[in-house]
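What follows is a short report on a single structure.
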Amino acid sequence: MAEAALAAVAREEAGNFMHPRKFSRHLQHNHLVEAIQQAELKTTGKIQVSISPKRVDDPVAAAQAEFLRLGMNQSPERNGVLIFVSPRSHKFAVIGDEAVHAKCGDKFWRMLADAMTGYFHKSEFTPGIIHGVQKAGDLLAEHFPRHH
């Protein structure tokens, strides 16, 4: 898959991140899982969140590699979204597969990353990620609705 097939936005210095294990312990995993499940009820798209234990220089490249590793590029509709967070680097990226990006363009990703950065600057990591999941879910539901 060509890199151009993915849309991505990353923000450096996204808040007062901590060591990845400590960061993960502070996340409310049950709330994240619930938010993803609720978002995916309305769409055929797939949303995943990945917390990297590694320091990354380029969160977009790292997110693209994780997207491929998870097989998110294998969906027939090409409508997956990955929220990738590197607490050690204080960086994150939100990437969507080619069909998602074709529907929303760069403006959506910039607005989403800016909103998530606002949460992260206040060390509100769970609410920030949930906001990203919900907004991505709304976008996917609009353009890739689940037909019951």
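Read the figures in this text as sums done on the coordinates, not as results from a lab. Since we're looking at a predicted model, the values are computed, not measured. Cβ atoms come from the backbone with ideal geometry, glycine included; neighbour counts cover every protein chain shown.
For this structure, a couple of remarks:
- Listed by Cβ neighbour count within 10 Å, with the fewest neighbours leading, 43, 117 appear as 117, 43.
- Burial ranking of peptide ranges 84-97, 66-79 (average Cβ count within 10 Å, highest at the top): 84-97, 66-79
- Measuring spread by the Cα atoms of segment 3-143 yields a radius of gyration and Dmax of 13.6, 38 Å.
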